[in-house]
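Below: the structure, in structure tokens.
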Amino acid sequence: MAVITYRQALHDTLRDEMHRDDDVFLIGEEIGVFEGSYKITAGLLDEFGEKRVRDTPIAEEGFVGAAVGAAMLGLRPVVELMTINFSLVALDQIVNHAAKIYGMFGGQTNVPMVLRTPGGGGQQLGATHSQNIELYYAFVPGLKVVAPSTPADAKALLLAAIRDDDPVLFLENLALYNTKGEVPDHVEPAEIGKAAVTREGTDITIIGYSRMAGVATQVAEKLAAEEGINAEVVDLRSLRPLDRETFVNSVRKTGCAVVAEDDWLTYGIGAEIAASISDGAFDYLDAPVRRVASAEVPLPYAKPLETAALPSAESLTTAVRETLDAVGRRR
């Protein structure tokens, strides 16, 4: 068992999979000579050469389209998009080609490709470089969307994504790259579409993914230590397929739920979670499902305003307390 960063887990997994399978190759902006904007591909150009670590022009539609074609012909491209914001330039290739080719051609060809990309705010990169638009892709049948929150899950889910025969959007978060966690010496590919109960509890369920899954765990531990609140935490890990069964069963046990997400509240991932809880656990609810999300504004550049606009441990703690207060269940 080693303690490594999220960044290192991604790097090591890419390297291991490139050694395991000669059909795996990397493609994206500045991933070779510059070693990637976040240094996740550091050293891989020297080790594997230009054929398998392919620097591209700043042309997302072009290199994502090239990856779609390569995947159709049997290779397994792993695309690095510098941020999820730039995926909008390649939206047609992702949504109308990668996601639909298998179905439109009657299963004659798969598109086994991975689109790695970070999202998230908090880095003072401005409104156009700080969005959480994973909802755009989680909405699309034919795509799989995963969002690991820990180094161990990053490794296990990236293994699964690379080996999957469908296109997978692999969502990272800029705030997670330097976070550390234990990673077993031997990691098996995770099951895409399976959530994890990362903390058992009885008073309330907190549901999150990516950065906010980690925040949810921190909040739950602090509330337990300081206020005796026993919260259960569910890390979604996958947004499509969505493991409704796990979080619905948790809410049936606790009777209360708060969803924490980095995207905007209106039409956000949390809205789908709340609707699913209403469908599957309505008679078990003691209070309405609460949602904690980003302010509905283009994210400001100024640090105090950016911080105020993002969901936080404080805003999540307040939502948990208010939910339990409403049903008289705070100790």
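Using a 1.4 angstrom probe, figure out how much accessible area segment 1-128 has per residue, in square angstrom, rounded to the nearest whole. Display every interim value, and only then the final one.
Working: 5550 Å² over 128 residues.
In whole numbers, segment 1-128 has 43 Å² accessible per residue.
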Taking springs between alpha-carbon atoms closer than 10 angstrom, which of PHE48, PHE247, PHE25 fluctuates most in the Gaussian network model of the chain?
PHE48
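Quick check: convex hull over the Cα atoms of segment 2-183, volume per residue in Å³, rounded to an integer?
103 Å³
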Over segment 251-317: Kirkwood hydrodynamic radius from C-alpha pairwise inverse distances, Å:
12.9 Å
Point-charge dipole on Cβ atoms (K/R +1, D/E -1) for the chain, about Cα centre, debye to 20:
440 debye
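Can you pull out the GluC sites (Glu not before Pro) in segment 160-205 that DSSP calls coil and that have at most 16 other Cβ atoms within 10 Å?
Answer in residue order: GLU191, GLU200.
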With every protein chain present, what is the per residue accessible area of segment 205-248 (1.4 Å probe, Å²)?
31 Å²
Output the Cα-based Rg and Dmax of segment 188-331 in Å, rounding Rg to one decimal and Dmax to a whole number.
14.6, 44
Place a +1 charge on the Cβ of each Lys and Arg in segment 87-168 and a -1 charge on the Cβ of each Asp and Glu, then give the dipole magnitude about the Cα centre in debye, rounded to the nearest 20.
80 debye
Please check which bits of segment 174-191 a label hung off GLU30 would reach, taking the label as a point 7 Å along Cα-to-C-beta and the cut-off as backbone N under 13 Å.
none
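Suppose we take every Cα in the chain and form the convex hull; what volume per residue is that in Å³?
Dividing the Cα hull volume of the chain by its residue count gives 129 Å³.
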Relative contact order of the chain (C-alpha contacts under 8 Å, at least 6 apart) in percent is 16 percent
Gain on full stretching of the segment that runs from LYS100 to ASN249 - 0.36 nm per residue minus C-alpha separation
50.4 nm
Hey, what's the Kirkwood Rh for segment 1-68 if you take every pair of different alpha carbons, in angstrom?
12.5 Å
For Cα pairs less than 8 Å apart in space and 6+ apart in sequence, what is the mean separation divided by the residue count of segment 2-183, i.e. the relative contact order in percent?
27 percent
What residue among ALA313, ALA302, ALA175 shows peak mean-square fluctuation when the chain is described by a Gaussian network model with Cα springs under 10 Å?
ALA302
I'd like the carbon and sulfur percentage of the solvent accessible area for segment 2-183, probe radius 1.4 Å, heavy atoms only, ligands and nucleic acids excluded.
55 percent
Classify segment 149-196: rounded, prolate or oblate, from the alpha-carbon gyration tensor (a ≥ b ≥ c, eigenvalue square roots; a/c under 1.5 rounded; otherwise prolate if a/b is larger than b/c)?
oblate
What is the extension gain from GLU296 to PHE139, computed as 0.36 nm multiplied by their sequence separation minus the C-alpha to C-alpha distance, in nm to one decimal?
54.6 nm
I'd like the antiparallel share, as a percent to the nearest 5, of DSSP beta bridges with both residues in segment 2-183.
15 percent
When only DSSP loop residues count, what GluC sites (Glu not before Pro) in segment 215-305 have their Cβ near at most 16 other Cβ atoms within 10 Å?
GLU296
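Within the chain, what percent of beta bridges assigned by DSSP are antiparallel, to the nearest 5?
DSSP beta bridges in the chain are roughly 20 percent antiparallel.
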Contact order normalised by length for segment 112-240, with contacts defined as Cα pairs under 8 Å and 6 or more residues apart; what percent is it?
29 percent
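The values are calculated or read from the model by the stated rules, or taken from the named source; none is laboratory data. Remember, it's a predicted structure, so these values are computed and weren't measured experimentally. Because the Cβ atoms are built from the backbone with ideal geometry, glycine has one as well, and the counts that use them run over all protein chains shown. Heads up: the accessible areas ignore ligands, DNA and RNA and are worked out on the full protein's heavy atoms, side chains in. Shrake-Rupley method; radii C 1.70, N 1.55, O 1.52, S 1.80 Å.
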